[in-house]
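Peer 1: To start, I am sharing the structure in question, which I have written as structure tokens.
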Amino acid sequence: MAIQEVSPVSIVDEIDQFLVGQISFPAVNYFLNRKNILGRYRKLLASERYSKEALRELQFQKLQATLRHVFVRNPYYAMRFKEIGLVPEDVRSLEDFRHVPPLGRQDVINHRLEMVDIRYRNSVVSADRASQQPGLPVLFGKFRRHKLVRNTSTGSTGTPTVFYDDGATTALNWAHELRLKSWFGLPPGVKEARMTGISTLYPPKSMRRSIRKAFWNQMVLPGIFLSDCDYEFSLQNIYDFRPRVLWGYTPALTGLARYMQRVNKDIAPCHPELVISWAAPLYEHEKKLLTEVFGCPVTNLYGSREVGHVAMLCPHGSMHVNQENYIVELEGAGAGEPKTGPGNILVTQLNESPMPFLRYRIGDLAEIAQDDCSCGRSLGVLKSVLGRIGDVLKTKDGRLTEPAFWCHAFMVGRQSQDVEKFQVVYRPNNKILFRVIPRASFSAQTEADLRSLMEKHFQSSIQFDFEYVSEIKPQPSGKCPIVVNEIAQKEETVGELQSR
Ligand SMILES: [Zn+2]
């Protein structure tokens, strides 16, 4: 990998970074009800070096406070606790907490109003009626009676989950992002380009965007439904703005990198120092591509819109859980030792929130590492996030095949030079379709090699079909996933091949 030399930051840039990072960024966020970002950030820098015991004690104290709070304020949790005869005082350890039933996506869809803190009931109506886009903060939220922001998250089956935030989870996300940047030597206030907007809704000129650029040092760029025109627009803006961090949806970042390779463009004279990918897994071939094109370290944020940034990839390659603010466990643990995997991830928010998520099935399968990370941080580590539950395939002999296997076969192995892009479709009746955009070098031998690799891996009667296309069309959501699961199934089960 070609890491570029970083040009020294000028004194003017340093002053600008300081003013933005220490003053204008936290101040503007304060008016959006995102409180105490810098205070939280400083605490995180201290606690990541606590002993494991001290971290668990901190989690337990926060959990007790959360349980006491939801028992009184959030009718849904009060009802569920009463159903199993539990009062907050019964939870005397993190292990006892496993008696609380997991929360599924469908529970949130069915009971979202009862999940909200009773003090915010009127605010829900206002948030639902608000004409602004979901997720946009309420200006002067801190001082208003109605301060909830409505947000949505789309599941793999397309049913949106509606949830509400008052700014607390967003404030915590900012603090966690500051911690992530500090791991790579970057202070608060550094210039950052963020590929997040929907390209068709992206306004050429906008007051909101200009304010964000001036007061937060953040330039927002389109990140969904991107064409070559959008990539060129983003690249020219990046050249002008010269950000030290590139932040974006993983497909937007990899799309930009592929575009730059295709049109033979270099990231210089801009020298980003960190690429942060979000909202999708970062596969091996994607990390390699981003490192090569942008010439700097690449990291990944793991979490969801509902619960926030749960875990982050450190410079030593470990996905550390933000353990001070989340409990992450795998479903199915017995009374004894916690399950280490693979299993459904359950996430519990430990920060204050008007709509807290406790033991929430976030929708991914993962394994939890037993060993410590060589970076010296004591935060727990997710050994691997295998993927969205429906994207992981379970064969009849019970083995799991995660999306990373397909990526390795098509994009990393010997065949990778022959494949431009691919998609795997799980179909009923034991069939798997490979949709492939071939390069000129793709031959009958490439297909034969891929077939023999599959036969070796699966050793079963799966029928593999190849479809050669010039374009892989995005799903209605705008995403272009590596796996499309057409097998009828419940959202919370892995894709399972059926017999013919
Ligand atoms: Zn680490």
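The values are calculated or read from the model by the stated rules, or taken from the named source; none is laboratory data. Just so we're clear, the structure is a prediction, and the values are computed from it rather than from any experiment. Here the Cβ positions follow ideal geometry from the backbone for every residue, glycine too, while neighbour counts run over all protein chains shown. Please note that ligands, DNA and RNA were not included when accessible areas were found on the heavy atoms of the full protein model with its side chains. Shrake-Rupley method; radii C 1.70, N 1.55, O 1.52, S 1.80 Å.
Peer 1: If we count every other residue with Cβ under 11 angstrom of GLY248's Cβ, Lys/Arg +1 and Asp/Glu -1, where does the sum land? All intermediate terms of the calculation are to be shown ahead of the outcome.
Peer 2: On the way: positive: ARG194; negative: GLU192.
Every neighbour counted, the sum reads 0.
Peer 1: Roll a 1.4 angstrom probe over the protein heavy atoms and tell me the percent of accessible area of the chain that is carbon or sulfur.
Peer 2: Details: 12100 of 23080 Å².
Exposed carbon and sulfur together represent 52 percent of the surface.
Peer 1: Where the only charges are on Cβ atoms (+1 Lys, Arg; -1 Asp, Glu), what is the dipole of the chain about its Cα centre, to the nearest 20 debye?
Peer 2: Values: 63 positive and 54 negative charges, 298 e Å.
For this selection, approximately 1440 debye.
Peer 1: Two decimals is fine: what's Rg over Rh for region 293-446, C-alpha atoms, Kirkwood radius as Rh? Intermediate results must be reported in sequence, preceding the final value.
Peer 2: On the way: Rg = 18.5 Å, Rh = 17.9 Å.
So for region 293-446, dividing Rg by the Kirkwood Rh gives 1.03.
Peer 1: Which net charge results for the neighbourhood of ASP372, defined as the other residues with beta-carbon distances under 13 angstrom from its beta-carbon, given Lys and Arg at +1 and Asp and Glu at -1? Display every interim value, and only then the final one.
Peer 2: Working: positive: ARG49, LYS52, ARG377, LYS383; negative: GLU48, ASP371.
Here the count lands on +2.
Peer 1: TYR231: accessible area at probe 1.4 Å, nearest 10 Å²?
Peer 2: It works out to around 30 Å².
Peer 1: Assuming R0 = 51 Å, what is the FRET efficiency of ALA46 and LEU201, from their Cβ-Cβ distance, to the nearest 0.05? Intermediate values should be presented prior to the final figure.
Peer 2: Values: r = 40 Å, r/R0 = 0.79.
Once the sixth-power term is evaluated, E becomes 0.80.
Peer 1: Any chance you could look up the accessible area of PHE143 with a 1.4 Å probe, heavy atoms only, rounded to 10 Å²?
Peer 2: Result for PHE143: roughly 130 Å² accessible.
Peer 1: In square angstrom, rounded to the nearest 10, how much accessible surface does HIS457 have for a 1.4 Å probe?
Peer 2: Approximately 50 Å² of HIS457 is accessible to the 1.4 Å probe.
Peer 1: Going by a ≥ b ≥ c, the root eigenvalues of the Cα gyration tensor, does region 65-183 fall in the rounded group (a/c under 1.5), the prolate group (a/b larger than b/c) or the oblate group? Show your work: numbers first, answer last.
Peer 2: On the way: a/c = 1.60, a/b = 1.36, b/c = 1.18.
In terms of gyration-tensor shape, prolate.
Peer 1: Right, here's the next one. Taking only the Cα atoms of region 1-72, how large is their convex hull per residue, in Å³? Show your work: numbers first, answer last.
Peer 2: Details: hull volume 13.0 nm³, N = 72.
So the per-residue hull volume is 181 Å³.
Peer 1: Something else: What is the distance in Å between the Cα centres of region 101-115 and region 227-295?
Peer 2: 37
Peer 1: Relative contact order for the chain: what percent, with Cα pairs under 8 Å and sequence separation of 6 or more? Walk me through the intermediate numbers first.
Peer 2: Values: 896 pairs, mean separation 68.4, N = 500.
14 percent.
Peer 1: Got a sec? Which residues in region 280-295 would a label at LYS479 touch, if it sits 7 Å along Cα→Cβ and we count backbone N under 20 Å?
Peer 2: What the label zone holds, given the 20 Å backbone N cut-off, is 280-287.
Peer 1: Helix by helix through the chain, keep the DSSP H runs that span 30 Å or more along the axis on Cα and average at least -1.0 on Kyte-Doolittle, and give those back in order. Please list the in-between numbers first.
Peer 2: Working: long enough: 52-73 (31 Å, -0.45).
Sorted by number, the helices that extend far enough and score high enough are 52-73.
Peer 1: List the aspartates and glutamates whose alpha-carbon lies under 13 Å from that of LYS43, not counting same-chain residues fewer than 8 positions away?
Peer 2: Output for LYS43: GLU324.
Peer 1: Counting only heavy atoms of protein chains, what accessible area per residue, in Å², does the chain have with a probe of 1.4 Å? List each step's numbers first, then the result.
Peer 2: Working: 23080 Å² over 500 residues.
Value returned for the chain: 46 Å² of accessible area per residue.
Peer 1: Also, I was wondering about something else. Once fully extended, how much extra length lies between ASP372 and HIS408, figured as 0.36 nm per residue of separation less the alpha-carbon to alpha-carbon distance? Write out the running numbers ahead of the final one.
Peer 2: Values: separation 36, 0.36 × 36 = 12.96 nm, distance 2.62 nm.
Taking ASP372 through HIS408 to full extension adds about 10.3 nm, to one decimal.
Peer 1: For the chain, what mean projected area does the convex hull of the alpha carbons give, in nm²?
Peer 2: On the way: hull surface 96.3 nm².
That works out to 24.1 nm², a quarter of the Cα hull's surface.
Peer 1: Hey, how many Å between the Cα centroid of region 185-199 and the Cα centroid of region 398-449?
Peer 2: Taking the Cα centre of region 398-449 as reference, the centre of region 185-199 is 34 Å away.
Peer 1: Also, I was wondering about something else. May I ask which of LYS181/LYS265; LYS394/LYS431; LYS52/LYS383; LYS287/LYS421; LYS396/LYS479; LYS396/LYS431 have a Cα-Cα span longer than 19 Å here? Provide the component values of the computation, followed by the final result.
Peer 2: On the way: LYS181/LYS265 26 Å; LYS394/LYS431 13 Å; LYS52/LYS383 17 Å; LYS287/LYS421 15 Å; LYS396/LYS479 29 Å; LYS396/LYS431 13 Å.
From the list (LYS181/LYS265; LYS394/LYS431; LYS52/LYS383; LYS287/LYS421; LYS396/LYS479; LYS396/LYS431), the Cα-Cα distance tops 19 Å for LYS181/LYS265; LYS396/LYS479.
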